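None of the figures in this text is laboratory data; all of them are computed from the coordinates on show. What you see is a predicted model; the values in this text were computed from it and never measured. Cβ placement follows ideal geometry from the backbone for every residue including glycine, while neighbour counts extend to all protein chains displayed.
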């Protein structure tokens, strides 16, 4: 199987899932992203991104317990997988290595 | 307090979203909503929730697409479908445009009919409420009134216990008001006098004030929001305006006791201002106690037991002699008319400010709507079918790969759904805009059409029908394709049966097109006849101005005549043709003849100039010698003499009696249309009376705003009460043909629409046929056919279809239009040219439309079409 790619928004969501470790579900991911990005993010976009990275195997999910809130609906928590972590590392390294190649001279 | 997300949005989410995703999506959405509702307004939070639900409506989340193979096929079909649409841009545009026009028309008509047939059904007791109507029998005719004598309500209340409620109204009438100081004046044409029972029968939508007490005091006034805004501006909804004083006609102080919402458009009961009936009774003691003659009183009764209606009517027939004199008792009968039938029954006419819309017109309109939709669907089927046979090869490949019949059908359904879906969205948008335009153009009848959710449901239903019909035929055809034959290019495109169906659809379209064009021509001729018909008098550049003070008439006239823009001035009770539903009625008979043998006549009052002013021709005798407070001279029309059996010469000098008194006939005037052309000329008496001269007629040399302004200035010099108001007599006469003008405009618009859809269909079909027959055309050209022959070769077929359609359409049009014309007393004669021009216009339009394609096909180089095999 070919290596999966990771879109920009998917990467942000994956980072947020990793950062929130074991507490990540739709709403908190959304809020985290909105806070960091300083702009409105659509919840359905987050859902789609979560589904995609789950299909690709970067995260796995489990259902939470039933509570009074949320109209009695359970939360779906996401945790990053080893594959996901490797993907993030690879992305980070890739960017870092290219970043380091920027000649300092260009900007005086 | 616990907040709840909007129910409908939630239902929608649960409906489309797959079960295993629901916990996450719904939960997150609800949680977000709960959080948001603490920081932003509930309304905004609900809106955001709705937006979230809509954005979650994604393929991935759909219930139906849970299984992957379905999803893949769905995506595949969607992709192929949209590519097909984009590839054949002309075809798609034609198809979408045609169907959009059809669905939009049908929807607008449906909304209009629903609106017109739902008049006054919103009152809590609408089903149990009846209006008392009066039939008055005369030796030569029966008159139908929607008004009754004022004391009737009180008498019914005393003598009949079956009625739950009885309410009496007077008006609506015109009054002028002032408030705060005398400079703030306004006028209302809809002042309705109502008794305290009125708010119990009819829904008034109170904004301020107490419905139970608002009408208790004689000097109260209830105003609508519109009037409140006019008087008090920003404070209109403030309770402080209750108790303020408004002066009626500059002399009677009335206290505001309530504010109600404006009268809804779909109501026959027009009001802007409500004043207690008691006030009217005290100020008009004579008419309000009088049983004889007809006054502007309307009586409504609430009868819970519907079965008792006939019984009550019979009992009232025997009971009325208690109050009516013997003569009236014989003539008059009282009947109960259900409230919900008032608007669609034209017999009793409309009350001031209202209008009636006959059931027949609504039915005709419904047929028009259905036919336009059918034409549009026929068009759709034609185009889809044509297209699907062109895609035979694709179908063949699919079949060979293993596609089943149901797979293919699903694909076509999806493609049609895509088309119809776009159409529906566009239609709804257009309808929304169109309704606003309609409301604006028809604001004179307070039209308030609106798009409702149920209408969207109707559109979806129409869409579904279109999809089914549009899919059925291609699906059947395609199922019968043998894949091998298709691949070997042996398919006979458009089997015989297919062409018959397509041909009959085209014939249907063309017949409809001709029917509508013939209809539009005939209705147009009748309208032309109405507007330019010989009325027997002239009204060019004549305005009528209300003159409130009789003693100032001469002064006003003299100032007017000093102005060089004024040619002539005359005073009278009304223009020669009764307009705005206003006519003075009376009975005429020979002196000494008993009262019950009197016959109905219209009474007109005019000054000495009146005949000359309106170009009314005297055929014998002379004009009045002077106007008096006790009239002594009559001028009558020929129609009246006909009732008496006199000639114009022998009538001169004879005495005649009317209800108001006796006088000598001094002149006979040639018949003029004293009623609008839908109705016959009736007997008419002109009196040299000084009463009722409450209109001034001014003939202007040129109609300019400055002239009207200077007339207003002159008016203000002479009159101190009331408000300057003018109307062009031409316009008031044109208003009498409001419904006819409307149906003419409707017919014109609808025939253009039908023609347009027909043309679109023909254009699409010709595109298809010419492309299918490229090779045949090539061979024909090589064998020596000229371009003209090729064009004829293509045109021949649909010319034959138009001829068949003409044979079908003409008799139908003839019967329908004769039926329509029967409603008019004065009408045009049907002529053969009206029908033939319908056929010829259709033919020309069809030739032009198909011309684009046929000329292109005829001009093509045969080498190009024959080179590739």
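List the relative contact order of the stretch A:8-102 as a percent without decimals, with contacts defined as Cα pairs under 8 Å and 6+ residues apart. Kindly include the intermediate steps, with their values, before the conclusion.
Values: 105 pairs, mean separation 28.4, N = 95.
Taking the mean separation of contacting Cα pairs over the length of the stretch A:8-102, I get 30 percent.
For residue B:735 and residue B:484, what does the FRET efficiency come to when R0 = 45 Å and r is the distance between their Cβ atoms, rounded to the nearest 0.05?
The calculated FRET efficiency here is 0.05.
In whole angstrom, how far apart do the alpha carbon centroids of the stretch B:376-393 and the stretch B:190-260 sit?
Here the two parts' Cα centres lie 63 Å apart.
Which order do the peptides B:191-198, B:214-221 take when ranked by the mean count of other beta-carbon atoms within 10 Å per residue, highest first?
Result, highest mean first: B:191-198, B:214-221.
Helix B:705-718: angle to the longest alpha-carbon principal axis of chain B, degrees 0 to 90, nearest 10?
The two axes meet at around 30 degrees.
What angle do you read, to the nearest 10 degrees and between 0 and 90, between the alpha-carbon axis of helix A:43-55 and the longest principal axis of chain A?
Long axis of A:43-55 versus the principal axis of chain A: about 80 degrees.
Calculate the mean, over all residues of peptide B:16-28, of how many other protein chain Cβ atoms lie within 10 angstrom of the residue's Cβ.
5
Once fully extended, how much extra length lies between residue B:644 and residue B:173, figured as 0.36 nm per residue of separation less the alpha-carbon to alpha-carbon distance?
Length gained, residue B:644 through residue B:173: 166.0 nm.
I need the Kirkwood Rh of the stretch B:155-204: take the reciprocal of the average 1/r across all distinct C-alpha pairs and report it in angstrom.
When all Cα pairs of the stretch B:155-204 are included, the Kirkwood radius is 13.3 Å.
Calculate the mean, over all residues of peptide B:29-39, of how many other protein chain Cβ atoms lie within 10 angstrom of the residue's Cβ.
Going residue by residue through B:29-39 and averaging, the value is 4.
Rank these for me by crowding, B:200, B:7, going from fewest to most other beta carbons within 10 Å.
With the sparsest Cβ surroundings first, the list reads B:7, B:200.
Say a paramagnetic label sat at a point 7 Å from the Cα of residue B:136, along Cα to Cβ; which residues of the stretch B:638-660 have their backbone N under 13 Å from it?
The answer is B:659-660.
Taking every residue in A:75-85, how many Cβ atoms of other protein chains lie within 10 Å of its Cβ, on average?
Counting Cβ atoms of other protein chains within 10 Å of each residue's Cβ and averaging gives 1.
Please report, to one decimal in angstroms, the Kirkwood hydrodynamic radius of the stretch B:542-730 built from all distinct Cα-Cα pairs.
17.3 Å
So if I take the centroid of the Cα atoms in the stretch B:698-740 and the same for the stretch A:26-84, what is the distance between those two points in Å?
With the stretch B:698-740 and the stretch A:26-84 each reduced to a Cα centre, they are spaced 73 Å.
Please state, rounded to one decimal and in Å, the Kirkwood hydrodynamic radius that the protein assembly as shown gives when every pair of distinct Cα atoms enters the mean of 1/r.
Computed over Cα pairs of the protein assembly as shown, the Kirkwood hydrodynamic radius comes out at 35.4 Å.
Defining a contact as two alpha carbons under 8 Å apart and six or more residues distant in sequence, what relative contact order in percent does chain B show?
It comes to 14 percent, rounded to a whole number.
Just from its helices, what would the mean residue ellipticity at 222 nm be for chain B, if runs of 4 or more DSSP H residues each count -39500 (n - 2.57) and the sum is divided by every residue, rounded to the nearest 500 deg cm²/dmol?
The helix-only estimate for chain B comes to -17000 deg cm²/dmol at 222 nm.
Relative to the longest principal Cα axis of chain B, at what angle does helix B:19-39 sit, 0 to 90 degrees, rounded to 10?
40 degrees
For the stretch B:8-49 and the stretch B:567-633, what is the separation of their Cα centres, given in Å?
74 Å
Measure off 7 Å from each Cα along the Cα-to-Cβ vector at residue B:329 and residue B:829, then give the distance between these two points in nanometres to one decimal.
Simple spin-label model gives 5.3 nm for this pair.
Let me test this: with uniform point scatterers at the alpha carbons of the stretch B:7-66, what is the Debye-based log₁₀ I(q)/I(0) at q = 0.12, 0.19, 0.25 1/Å?
For the stretch B:7-66 at q = 0.12, 0.19, 0.25 Å⁻¹, log10 I(q)/I(0) is -0.27, -0.64, -0.99.
Along the Cα-to-C-beta direction of residue B:597, a point sits 7 Å from the Cα; which residues of the stretch B:632-673 have their amide N less than 11 Å from that point?
Nothing falls inside the zone, counting backbone N under 11 Å.
At a Förster distance of 25 Å, what's the computed FRET efficiency of residue B:612 paired with residue B:821, Cβ-Cβ distance as r, to 0.05? Display every interim value, and only then the final one.
Working: r = 35 Å, r/R0 = 1.41.
Using R0 = 25 Å, I get an efficiency of 0.10.
For the stretch B:128-341, state the semi-axes of the equivalent ellipsoid (square roots of 5 times the eigenvalues of the alpha-carbon gyration tensor), sorted largest first and rounded to whole angstrom.
Values for the stretch B:128-341, descending: 34, 18, 14 Å.
Roughly what would the spin-label model give for residue B:723 and residue B:93, points 7 Å off Cα along C-beta, in nm?
Taking the simple label geometry, residue B:723 and residue B:93 are separated by 5.1 nm.
Which whole-number percent gives the relative contact order of the stretch B:592-696, counting Cα pairs below 8 Å spaced six or more residues apart?
Details: 192 pairs, mean separation 43.1, N = 105.
Over the stretch B:592-696, the number comes to 41 percent.
If r is the Cβ-Cβ distance from residue B:207 to residue B:404 and R0 is 41 Å, what FRET efficiency results, to the nearest 0.05?
0.05
Arranged by the count of other C-beta atoms within 10 angstrom, fewest first, what order do A:43, A:102 take?
Ascending Cβ contact count within 10 Å gives the list A:102, A:43.
If packing is taken as the mean number of other Cβ atoms within 10 Å per residue, what is the order of B:79-86, B:271-278, highest first?
B:271-278, B:79-86
From Cα coordinates alone, what are the radius of gyration and Dmax values for chain B in angstrom?
Just the Cα atoms of chain B yield Rg and Dmax of 34.8, 103 Å.
If the chain between residue B:551 and residue B:82 were fully stretched, how many nm would it gain, using 0.36 nm times the residue separation less the Cα-Cα distance?
On the way: separation 469, 0.36 × 469 = 168.84 nm, distance 7.94 nm.
My answer for the length gained is 160.9 nm.
Multiplying the sequence separation of residue B:341 and residue B:310 by 0.36 nm and subtracting their Cα-Cα distance, what value in nm do you get?
That works out to 9.5 nm of additional length.
Order by neighbour count: A:21, A:47, B:679, fewest other Cβ atoms within 10 Å first, most last. Display every interim value, and only then the final one.
Numbers: A:21 9, A:47 26, B:679 14.
Ascending number of Cβ neighbours within 10 Å: A:21, B:679, A:47.
With a point put 7 Å past each Cα toward its Cβ, work out how far residue B:836 is from residue B:469 in nm, to one decimal.
3.4 nm
Going highest first, how would you order B:826-834, B:506-514, B:689-697, B:204-212 by mean Cβ packing within 10 Å?
The peptides rank, most packed first, as B:506-514, B:689-697, B:204-212, B:826-834.
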